Every structure is written in structure tokens, then in C-alpha cells.
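The values are calculated or read from the model by the stated rules, or taken from the named source; none is laboratory data. Quick caveat: nothing in here was measured; it's all calculated off a predicted structure. Positions of Cβ are backbone-derived with ideal geometry, glycine not excepted, and every protein chain shown enters the neighbour counts. Keep in mind that these areas ignore ligands, DNA and RNA; they rest on the heavy atoms of the full protein, side chains included. Shrake-Rupley method; radii C 1.70, N 1.55, O 1.52, S 1.80 Å.
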Amino acid sequence: KMANLVPIVNAPNLYGNGCQITHASTTTLGVGVGQWRDSTNTFDIVLDAPLTVDNTFNGVNGLDTGTVADSTFYYVFLIMDPTNTNKTAALMSLSATAPVMPSLNGVTYGAFRLIGCALTDGSAHFLNFFASGDTKRLFQWDAPIVALNAGAATSVASGFDIKSLLS
């Protein structure tokens, strides 16, 4: 039923501002206040109070499915319920383009926008990072990221630019 959906079309095309992601602990990320246009450019997703995303459970402000894995990138989404039954929230997913949307109070969240990423270490803990930028964000980790090169561990650059995924 489309009658309950409330599109807001005040911001420019695929607008994004704020909602900076921070490393809060080995299992949680912080998301600051801000506003982003959803991935379909239909809804303005407004987060008016900071929130915490926790990788120890599935659902709203957690992982979309499964359990957290070692040495893995997780993509962070701002999510909203276009019927305005539920508050704006966040979600982590292994997918950069198609998170499994959670339900709350009998309503499935229907709008999302990628706002960043996080990386776990060999113990499935979030690595400390620094993020900068709005719709074009750069994530940098405290230590070089280790990758395999011909079967041997090699340090690679510690920055990860997700601007192509955000736009």
C-alpha cells in the first residue's frame, strides 16, 4: 500500500550531509546527526540524534544478517521507514548495494543509503579508523591493512575511498 509513504523532496539529487561514522569500540560504531537522500533519490533520511550500531546482534542498529566475521569490510547504511512508524536507524551489511532490511513494529524499513564502512581485524573486532568528507568519504585506519600478495602477507595503504559507492 503506497498511501502511507511520505516522500520528502527538499534536498538536491542524492544529497548527503553529516552522519559521520566513528569507531566507538571493538563491536560498535557511532553515527552522528545529519541528512541523506536515500539510494533511490526519493526520501530524505534525517537522523536527528546520534546513534550506536552494534555488530553483536541482527536488526535495527545492528548487522543485517549473520554474525560478524574476521578481517571483513562491513558497509554502514542509514535506514528509514518511509511510513514514519519507526525512527531513522543504521544497519551494517556485507553488501555495499543491497542490505537485508529489518522490520520493527510490524513494518519493514524501506529506504536506505550507504554512508560508510568499517573493517574487522583477525578477531572480528572493528579496527580504529578516521573518516572525512560528506558524500565523498575517505576512511583511514590507524595501522596498515594486511593483504595477501602471492600467498604472503603484505602491508598495503591504510586508506579506503568509498566515494564511488556513495554517489
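Observations
- 3J(HN,Hα) along region 95-102: 8, 7, 10, 9, x, 7, 6, x Hz, from the Karplus curve 6.51 cos²θ - 1.76 cosθ + 1.60 with θ = phi - 60°, whole Hz, x for Gly and Pro.
- For region 56-144, accessible area per residue (1.4 Å probe, heavy atoms of protein chains only), Å²: 43
- Nonpolar atom fraction for region 85-144, defined as the carbon and sulfur part of the 1.4 Å probe accessible area, stands at 55 percent.
- Three-way shape call for region 61-142 based on the alpha-carbon gyration tensor, with the a/c threshold at 1.5: oblate
- Backbone geometry of region 24-33 corresponds, through the Karplus equation with coefficients 6.51, -1.76 and 1.60 at θ = phi - 60°, to 3J(HN,Hα) couplings of 9, 7, 5, 10, 10, 10, x, 10, x, 5 Hz, x marking Gly and Pro.
- Close amide-amide hydrogen proximity is noted between R37 and Y15, G16, I45, each under 5 Å apart and 5 or more residues distant or on a separate chain (H modeled in the peptide plane; Pro and chain starts excluded).
- Ordering of 14-22, 113-121 by packing is 113-121, 14-22, highest average first (other Cβ atoms within 10 Å, averaged per residue).
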